[in-house]
Structures are given as C-alpha cells and as structure tokens.
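Novice: Here it is, the structure, as structure tokens.
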Amino acid sequence: MDRYDWTLTIKLNLSILKLSGLWPRDRYKIDPYTTLTALFLLTVFIPNLLSQIIKVFFILDDLTTLAATIYLLLTEILFTVKIFFLMKNMTTLKEAMKLLDTDLFQPKNPEQVAVVQLNLDSWRTIYNSFTMSCVGAIVFLSISPLLDKSGSGKNLPSLSWSPYNTQTSPAYELTYIYQVIGYAYTCMNHVNVDSFIAALNVFIGCQFDILCDNLRHLQPGDDAQESLVKCIKHHKLILKFATICNESFNLAFFVQLLVSATITGLTLFQLSTMVPFTAGFFYFTSYYLASVTQMFQYCWFSNEVHLKSANVPCAAFESDWTDLSLEVKKGLLFFIMRTQKPLHISALNVFHLSLESFVAILKTAWSYYTLLRQAEEELQNETIDRYDWTLTIKQNLSILRISGLWPRDNYKIDPYTILTAIFLLTIFLPNLLSQIIKVFFILDDLTTLSATIYLLLTEILFVVKIFSLMTNMTTLKQAMKLLDTDMFQPKNTEQVALVQPNLDSWSTIYNSFTTMCEPERISRLFLGFRTTRKPHLPTNSRIFTKSSDMLTPA
C-alpha cells in the first residue's frame, strides 16, 4: 500500500499561506521570503489596523458608527494574535507536520484510508463554505460604498482615520483600493489560518480513528505483544502531536472565544440596521455566516477529537482480548486505564472547545445584540418625530375631497354638502338612470345588453360604496384620528422602516390602478367621438349599427 499524503487535502490552504508570507519553507530567518513578508505586513496590514484604532477615539459618542467600526477592528486584532503565534511557533509546527509522515501515523489498509478521507472531506466542505462566505463579504464590502449614495461625501469601504483628505482625487481612489487590498489580505489569510488550525484537529481525530481500528483488530498470536506496543507508541505520539498543536495556539483560542461573541453580536446589530437586499445587507449576511463558520469549525473538530479519544478504551475492549496471553492482557488493561481520560482541546487550559462552547458563544452574541438594540432604541426614542400616517395617501384624500366625498368633519348643512348633492344629482344619478332605462329597450339583444350592463353594474357598485362612505363618515373620521395617538406611533426608525414598505406597496398598486383606469376612460371617449362623427355609415352594416346603438346616448 502506498504512503498516504496527509497534506494533499490542505494543499490549497498551505499554498495560499505560502503566497501570503505565512508559511516559509523551513522557518523564519533573514532571507528574501521573510523580508517580503515583513514588508507586506508593514505597508498593507499594520497601517490599516492603526488607522481604525485611531478612528475609534473620534466616534465614541456615536453608538451606530462605533459598532460599524469596532467589529472590523476586533477581527483584525484577532488576526494579529493568530499570525503572531503562527510565526512564533513555526518551527514547532513544521516538526509536528513531519510527524504525519511517520509509519505509526500511516493508515494500514483501504478501510482506514476511507475513514480518514471521510473526515478530511468534511473539513474541505467547511473550508469551502468558509471561503465562499469571506469572498462574498469582501466583494460586497468593495462595492457597497459605490452603491450607497447616503451621506454628503465619498464613501470608503470602512471608517478609518487618514492624515490627508480622502474626498479629493486621486486620494479617494488610492485609499479605496488600499483598503480593499488590506481587507482582502486579512480576510483570506484569516480563513486559511483558521482552517489550518482546524485541519490539525482533523488530523488528531483521524489518528484516533486509525488507533481504534488497530486495537479492534488486535489478534492473539506471537505478534500480539508487538502490535499492542505499536498501539501504545501510536497513542503517545498522537498526544504529543495534539500537545504541540494545542500549545501553539492556546492563547489564540482564548482570545477567539472572548472576541467571537462580540464580533457576532455586533455583526447581527449591523445587519438589523441594513435595508434588505442591498449590498450592505448582503455584506453583513456574508460576514455573519463567516464569523459563525469560523467558530463552528474550531468547536466541531475539537469536539470530534474529544469523542474519538473517548472511543479508544472501548475499541481496546472490543478486541479479541479473551484469547490473548496474560502478559498482553495486563498491558492492555493498563492501556485502557491510561486512556480513560479523553483528550480535550482547550483555550488557555481554562475553556474546552466543544459544541457546548459554540452554543454558549451564540447565546452570548445574542445577548450583546439585544443590549445594543435596547440602547439604540432608547437613544432614538428621544429624537424621533411623530409619524404622519396620511402623508402617503395625501393625493388619494385630496381627490376624494375635491369630489365631495371627504368633508372636513362630517356631512351637515353647509356649502360643501350642498355642492356634493348638486354634483351627484346633476351628473351621476341622471347618467345612472339613463343606463337603467336603456336596459329595458335592449333585452332582446344579448351583445348590446352585455356591453351596457357591465358599466351599469360598475356604477351601482360605486353607489353602494359612496353610500357606505357617507353614512359612516363620522366613524371613519374618528378612526383616522386614532392614527395620531401615541399608541399608534412607531417608536424608532426600525419600526418606521417596517411601516414604510407596506405603504409603498399600497402606493405602487394605487398608481398602477390609476394608470390602468385612465386609458379605459380615454378610449371610451375616443370611441364615442368616432361614433358621433360618422352618421353617414350605411344602415345595412350590422356591426356599426350595433355599435352605434350601444354608444348613442339614451
């Protein structure tokens, strides 16, 4: 059986780290690679980080702007901690990666290869999802300032302090490109550093799977003692590999646990302030998914290490131990007692990374989000103006008022009511009565009858509606006054944003309804005009005669 290449699955991951200056051939030393890495960090990453730190001191009194700045700042600080420990422990990590090529770490048969590949495939799936979320975040972060026309100046991808005026060209364009490059570098390397650490935990879990399979197939015979010794050495080597990986990022895990809840809560808060289906909305959605996936892969694969290490004593007991020699039984018993305590991936030897930790982080993030929402609502409640419910339907009410169907208070004996009665008695009711009378003369002509009666039904329906409107005018006026009460007022801008789309949808339907009714009215007038202008048509034309009968006033 060929030797298994453990780095094949994470080859793309390591290649990106190598191109970014975070994975030297052996270790960091004074050479062109280290020089280029330092130059890139000092010119692209560090200035961007410092500009955001300085900006924070200018926006401490603005909660929304502070939240929009500090979540990115915390992400970059977290990335700084991780690359510091990655560079500091590079030599140790290189030695740990060499352990994967030892004989004890190699799968012994195709079944073990299949189990290993299944675990690495799950890592690859999460890695691809994490990468796509981060790529989406970078793309939407890059284009959202160009699409967002709010504000008086030119928007940049993030709020940061600059020693020069960023509103003039070419300073604006250069700063824009600089920020995009800086965030793309931070984001993609954050993905690959996190995924590399998660891959180390996957390797540890795979080694426990291989060890459990070897223990289950422990058979009586002359080589039983040798097989057990190999399993013991394999277990010790796994613990050594796990210790190297855990100690290399022990403090980084601790900072990750502290910061993740804050970043997730701030991202949720920012997402709640975005207008749906805008570039900013999709940016914060992608960023939120990325932050959740980031913490999930840590906790998931660390939890898998714990569960698989707990399977070791059970796998030893599942072996054919009853037929083993007494000496081998004693060695197996001591091994089972030694492996009773499962392995934990910890943060600063205080918190264990597990699914329980992941749930706790999400709960804490939700608490932060709720706290920020309450604080924002309290600030907005002090300054929000009263909402005018009738502003959207102002045109609608104006037309009703001109038509005599919306008095100032109620219908009473006054000039407005008298004019309304005159308008209805001289224009509407005679037209309605003439159509009703006409129906009795065309009962034997189905085509003409259908052409007349649909208009008649429309006008009868209008009579019913204006009758209900006029008889209930006092009640309707009282109902409209209720809209101005304090209970009916939106309490913050988010509630206004919830109300406005509903009124906008009504406005859209109202405009569409009005637009569709106008061509119908104009076409009726035009057809009536054509009919009255051609009295000389031959009387033997059945179609024109019927049309003339239909359109000739009674």
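The values are calculated or read from the model by the stated rules, or taken from the named source; none is laboratory data. The model shown is predicted, which means the values in this text are computed figures rather than measured ones. Heads up, the Cβs are rebuilt from the backbone with ideal geometry, glycines too, and the neighbour counts pull from every protein chain shown. To get the accessible areas, we keep the full protein, side chains included, count just its heavy atoms, and leave off ligands, DNA and RNA. Shrake-Rupley method; radii C 1.70, N 1.55, O 1.52, S 1.80 Å.
Novice: Look at region 300-338 and say how many of its residues are assigned to a loop (DSSP other than H, G, I, E, B), closer than 30 Å to Gln256 by Cβ and among the hydrophobic types (A, V, I, L, M, F, W, C). It would help to see each step written out before you state the result.
Specialist: Pass one, region 300-338, residues assigned to a loop (DSSP other than H, G, I, E, B): 311, 318-320, 324-325.
Filter again for closer than 30 Å to Gln256 by Cβ, leaving 311.
With the extra rule that they be among the hydrophobic types (A, V, I, L, M, F, W, C), the set shrinks to none.
So the answer is 0.
Novice: Also, quick follow-up: Would a scan of region 47-57 turn up a residue that is under 28 Å from Asn165 (Cβ atoms), part of a helix (DSSP H, G or I), of a type in the set (Val, Ile, Thr) and touching a residue at least 60 places away in the same chain (Cβ under 8 Å)?
Specialist: yes
Novice: Kindly indicate which of Leu456, Leu449, Leu405 is in contact (Cβ under 8 Å) with a residue 60 or more places away in the chain, open to solvent by less than 50 Å² (accessible area, probe 1.4 Å) and touching a Leu at 6+ places or on another chain (Cβ under 9 Å).
Specialist: Numbers: Leu456 fails: in contact (Cβ under 8 Å) with a residue 60 or more places away in the chain; Leu449 fails: in contact (Cβ under 8 Å) with a residue 60 or more places away in the chain.
Going through Leu456, Leu449, Leu405 in turn, the sole match is Leu405.
Novice: Since Ser325 meets every condition but one in (1) of a type in the set (Ser, Thr, Tyr); (2) open to solvent by less than 60 Å² (accessible area, probe 1.4 Å); (3) more than 30 Å from Phe351 (Cα to Cα), which condition does it not meet?
Specialist: (2)
Conditions (1) of a type in the set (Phe, Trp, Tyr); (2) modelled with pLDDT of 80 or more, marked per residue:
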{"position": "Ala365", "(1), (2)": "no, yes"}
{"position": "Tyr369", "(1), (2)": "yes, yes"}
{"position": "Leu372", "(1), (2)": "no, yes"}
{"position": "Gln380", "(1), (2)": "no, no"}
{"position": "Asp385", "(1), (2)": "no, no"}
{"position": "Thr392", "(1), (2)": "no, yes"}
{"position": "Asn396", "(1), (2)": "no, yes"}
{"position": "Pro407", "(1), (2)": "no, yes"}
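Novice: Looking for something farther than 26 Å from Asp148 by Cβ, in a helix (DSSP H, G or I) and open to solvent by 40 Å² or more (accessible area, probe 1.4 Å) - is there at least one such residue anywhere in region 267-282? Working first, answer last.
Specialist: Residues of region 267-282 farther than 26 Å from Asp148 by Cβ: none.
No; the residues of region 267-282 include none that is farther than 26 Å from Asp148 by Cβ, in a helix (DSSP H, G or I) and open to solvent by 40 Å² or more (accessible area, probe 1.4 Å).
Novice: Here's a follow-up. Do we have any residue at all in region 54-68 that's surrounded by 18 or more Cβ atoms within 10 Å (Cβ to Cβ) and in contact with a Gly (Cβ under 6 Å, 6 or more places away or on another chain)?
Specialist: no
Novice: Is it true that Phe462 is in contact (Cβ under 8 Å) with a residue 12 or more places away in the chain and either exposed (fewer than 13 other Cβ atoms within 10 Å of the Cβ) or among the aromatic types (Phe, Trp, Tyr) (or both)? Can you show your working first?
Specialist: On the way: in contact (Cβ under 8 Å) with a residue 12 or more places away in the chain: no; either exposed (fewer than 13 other Cβ atoms within 10 Å of the Cβ) or among the aromatic types (Phe, Trp, Tyr) (or both): yes.
So Phe462 does not fit the description; no.
Novice: Return the only residue of Ile232, Ile263 being part of a helix (DSSP H, G or I) and open to solvent by 30 Å² or more (accessible area, probe 1.4 Å). Before the answer, list the steps.
Specialist: Values: Ile263 fails: open to solvent by 30 Å² or more (accessible area, probe 1.4 Å).
It is Ile232.
Novice: Continuing with this model, one more query. Specify the residue that is farthest from Tyr127 (Cα to Cα); the eligible residues are those in region 1-40 that are without any contact (Cβ under 8 Å) to a residue 40 or more places away in the chain, assigned to a helix (DSSP H, G or I) and open to solvent by less than 40 Å² (accessible area, probe 1.4 Å).
Specialist: Of everything passing the filter in region 1-40, Thr34 is farthest from Tyr127 (Cα to Cα).
Novice: For the structure I just gave you, tell me whether Ser319 is more than 11 Å from the chain's Cα centre (by Cα), over 21 Å from Glu76 (Cβ atoms), open to solvent by 50 Å² or more (accessible area, probe 1.4 Å) and of a type outside the set (Phe, Trp, Tyr). Give the steps one after another, and end with the answer.
Specialist: Working: more than 11 Å from the chain's Cα centre (by Cα): yes; over 21 Å from Glu76 (Cβ atoms): yes; open to solvent by 50 Å² or more (accessible area, probe 1.4 Å): no; of a type outside the set (Phe, Trp, Tyr): yes.
So Ser319 does not fit the description; no.
Novice: Let me ask something additional. All but one of (1) within 30 Å of Asn214 (Cβ to Cβ); (2) of a type in the set (A, V, I, L, M); (3) under 27 Å from the mean Cα position of the chain (by Cα); (4) open to solvent by 40 Å² or more (accessible area, probe 1.4 Å) hold for Leu104; state the number of the condition that does not hold.
Specialist: Only one criterion in (1) within 30 Å of Asn214 (Cβ to Cβ); (2) of a type in the set (A, V, I, L, M); (3) under 27 Å from the mean Cα position of the chain (by Cα); (4) open to solvent by 40 Å² or more (accessible area, probe 1.4 Å) is unmet by Leu104, namely (3).
Novice: Find the residue count for region 300-338, including only residues that are in contact (Cβ under 8 Å) with a residue 40 or more places away in the chain and among the aromatic types (Phe, Trp, Tyr).
Specialist: 4
Novice: Sticking with this one: Among the residues of region 339-370, which ones are assigned to a helix (DSSP H, G or I), free of Cβ contacts under 8 Å to residues at least 40 places away in the same chain and open to solvent by 90 Å² or more (accessible area, probe 1.4 Å)?
Specialist: Selection gives Glu356, Lys363.
Novice: Find all pairs meeting these conditions: Cβ atoms under 7 angstrom apart; at least six residues apart or on different chains; first residue within region 276-291 and touching a residue at least 60 places away in the same chain (Cβ under 8 Å); second residue open to solvent by 50 Å² or more (accessible area, probe 1.4 Å) and in a helix (DSSP H, G or I).
Specialist: What qualifies is Ala279/Phe140; Ala279/Ile143; Ala279/Leu147; Phe282/Phe140; Tyr283/Phe140; Ser286/Phe140.
Novice: May I pose another question? Based on this model, can you work out whether Ser403 counts as more than 28 Å from Leu483 (Cα to Cα) and hydroxyl-bearing (Ser, Thr, Tyr)?
Specialist: On the way: more than 28 Å from Leu483 (Cα to Cα): no; hydroxyl-bearing (Ser, Thr, Tyr): yes.
Judged against the criteria, Ser403 is not a match.
Novice: Among the listed residues Asn250, Asn246, Asn214, Asn201, identify the single one that is in contact with a Cys (Cβ under 6 Å, 6 or more places away or on another chain) and not β-branched (Val, Ile, Thr).
Specialist: Working: Asn250 fails: in contact with a Cys (Cβ under 6 Å, 6 or more places away or on another chain); Asn246 fails: in contact with a Cys (Cβ under 6 Å, 6 or more places away or on another chain); Asn201 fails: in contact with a Cys (Cβ under 6 Å, 6 or more places away or on another chain).
Asn214 is the lone residue from the list that is in contact with a Cys (Cβ under 6 Å, 6 or more places away or on another chain) and not β-branched (Val, Ile, Thr).
Novice: If I filter region 69-101 down to residues being open to solvent by 30 Å² or more (accessible area, probe 1.4 Å) and within 25 Å of the chain's Cα centre (by Cα), which single residue comes out as modelled with the highest pLDDT?
Specialist: Taking the candidates together, the pick is Ile77.
Per-residue answers, yes or no, for (1) in contact with a Gly (Cβ under 9 Å, 6 or more places away or on another chain); (2) open to solvent by less than 10 Å² (accessible area, probe 1.4 Å); (3) in contact (Cβ under 8 Å) with a residue 40 or more places away in the chain; (4) over 28 Å from Thr69 (Cα atoms):
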site	(1), (2), (3), (4)
Ile181	no, no, yes, no
Val193	no, yes, yes, no
Ile197	no, yes, yes, no
Asn201	no, yes, yes, yes
Phe208	no, yes, yes, yes
Leu215	no, yes, yes, yes
Gln219	no, no, yes, yes
Asp223	no, no, no, yes
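Novice: Which pairs turn up if I take residues in region 466-490 that are in contact (Cβ under 8 Å) with a residue 40 or more places away in the chain and look for partners that are of a type in the set (Asp, Glu) with beta carbon separation below 7 Å, at least 6 apart in sequence or on another chain?
Specialist: Lys477/Asp409
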